[in-house]
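*Asks:* Sharing a structure with you now.
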Amino acid sequence: MRWGGGLTETMKMLESAQRDRATWVLYGGLLVLALALPTLGAYPVFVMKVLCYALFACAFNLLIGYTGLLSFGHAAFLGSAAYACGHALKVWGWSWPVGLMFGTAVAAVLGLAIGWLAIRRAGIYFSMITLALAQMVYFFFLQMPFTGGEDGLQSVPRGTLLGLDLGDDRVLYVLVVAVFAAAFLLIHRIVHSPYGQVLQAIRENEPRAVSLGYPVARYKLLAFVLSAALAGLAGAMKTHVLGFATLTDALWTTSGLVILMALVGGIGTLTGPIVGALVILLLETKVGDFGRWMAGVTQVEWFNGLGESVTLVTGLIFVVCVLALRQGVVGELAARLRLR
């Protein structure tokens, strides 16, 4: 009996090691593919924008997917870092890495303040507090002169780094991929660390985690701050890539958009938010072309106006995911592979 039990444990360890190797091979392949995309004809700025929003969605997923906290105000962290980084680069003349770190730090501090207030409540009350505080941040940016108001913060310079001209899309692309990869590896490490296991225990059964002696409030607050900081990193990168920051970055609709990205890709999966961000941004960019193609094929004039109905299409995607893909694209795929 003892020998059989030891053999079973050994087999489980070997299977786990094989899964880990396959996962890292997959990550390595995706990294190589990401670096090769511009040479394959992809527009570098669009891919960089996708990576920024993918990081934003991964940061949100760290909170909802692994801690069980639904925030309706994550756009506040994206927008605050976007404005902070843009102002530092344009007005203060700071370098790219310093501006990036400054924007991330601003988002982390804001996350600490909002999280400290919000985690005192649970469920829908937590979500509504984050929404209310995020709207306060939005109106602050609307009134402050340094944000440019409704015009936004325009003409943010890219600058240079170690003699490299970041105005060159190819140079900046490599840096954005590197930052995204580092942030993704950080999220992977957090999720698979003992701390990440406690977060998942809190998500599954918070009263039991409390009964085991874990300081649940501190764990949730740290998760909120980490999520805010990573969302801020995404916002700072986005401003540097696109050269502007606008009020839309801090608007409640952006908070809804990141929820949709995580839902489409798969909440509680590491790569799901990346897939979700890609799907949603492709829809926003290519739905007009698809509508014109459909109009040519079907001779139905209504399809020509599909590009102006992105919200309608996004809503339909949301309904399909809720009804048919309950675990998201990646979640459903992983579930089907496990059944084989």
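The values are calculated or read from the model by the stated rules, or taken from the named source; none is laboratory data. For clarity, every value in this text was computed on a predicted model and none was experimentally measured. All Cβ positions, glycine included, derive from the backbone under ideal geometry; neighbour counts span all protein chains shown. Ligands, DNA and RNA are stripped out before the accessible areas are found, and what is left, the full protein with its side chains, is counted by its heavy atoms. Shrake-Rupley method; radii C 1.70, N 1.55, O 1.52, S 1.80 Å.
*Asks:* What ranking do 265-278, 316-329 get when scored by the average of other Cβ atoms within 10 Å per residue, highest first?
*Replies:* Per-residue mean Cβ counts within 10 Å order the peptides as 265-278, 316-329.
*Asks:* Express in whole angstrom the spacing between the alpha-carbon centres of region 130-168 and region 71-116.
*Replies:* Between the Cα centres of region 130-168 and region 71-116 lies a distance of 9 Å.
*Asks:* Is the shape of the chain rounded, prolate or oblate, going by the alpha carbon gyration tensor and its root eigenvalues a ≥ b ≥ c, with a/c under 1.5 for rounded and a/b larger than b/c for prolate?
*Replies:* Rounded shape, in that the Cα axes give a/c under 1.5.
*Asks:* If you count only protein heavy atoms with a 1.4 Å probe, what accessible area per residue comes out for the chain, rounded to a whole Å²?
*Replies:* Computed with neighbouring chains in place, this is 52 Å² per residue.
*Asks:* Hey, another quick one. Below 8 Å between Cα atoms, with a sequence gap of 6+, how large is the relative contact order for the chain in percent?
*Replies:* 28
*Asks:* Only Lys, Arg, Asp and Glu count, each charged at its Cβ (+1, +1, -1, -1), so figure out the dipole size of the chain about its Cα centre, rounded to 20 debye.
*Replies:* Roughly 1100 debye, rounded to the nearest 20.
*Asks:* Moving to a separate point now. Carbon and sulfur atoms: what percent of the 1.4 Å accessible area of the chain do they account for?
*Replies:* It is 68 percent, rounded to a whole number.
*Asks:* Taking the chain as a Gaussian network, Cα atoms linked when under 10 Å apart, which of G65, G148, G86 shows the biggest mean-square fluctuation?
*Replies:* Of G65, G148, G86, the Gaussian network model singles out G148 as fluctuating most.
*Asks:* Give a quick list of chymotrypsin sites (Phe, Trp or Tyr not before Pro) in region 89-135 that DSSP marks as loop, anything other than H, G, I, E or B, with at most 13 other Cβ atoms within 10 Å.
*Replies:* Hits after loop and neighbour filter: W92.
*Asks:* Something else about it: Scan around L161 for amide H atoms under 5 Å from its own, H built in the peptide plane at 1.01 Å from N, and keep only partners 5 or more places away or cross-chain.
*Replies:* Excluding prolines and chain starts, which carry no amide H, the hits are L166.
*Asks:* Take each of the peptides 46-52, 226-232, 257-263, average the number of other beta-carbon atoms within 10 Å over its residues, and list them starting from the highest.
*Replies:* Final packing ranking: 226-232, 257-263, 46-52.
*Asks:* Per residue of region 35-52, in order, report the coupling 6.51 cos²θ - 1.76 cosθ + 1.60 (Karplus, θ = phi - 60°) as ³J(HN,Hα) in whole Hz, putting x for Gly and Pro.
*Replies:* Taking θ as phi minus 60°, the curve returns 5, 8, 4, x, 6, 8, x, 6, 6, x, 5, 5, 5, 5, 5, 4, 5, 5 Hz for region 35-52.
*Asks:* Report relative contact order for region 214-297 in percent, whole number only (criteria: Cα-Cα under 8 Å, sequence separation at least 6).
*Replies:* Computed value for region 214-297: 13 percent relative contact order.
*Asks:* Set the Förster radius R0 to 35 Å, insert the Cβ-Cβ distance between L316 and N205 as r into 1/(1 + (r/R0)^6), and round the FRET efficiency to 0.05.
*Replies:* Efficiency for this residue pair is about 0.50.
*Asks:* Among G65, A324, A76, which residue has its Cα furthest toward the positive end of the charge dipole of the chain, with +1 on Lys/Arg Cβ and -1 on Asp/Glu Cβ?
*Replies:* G65
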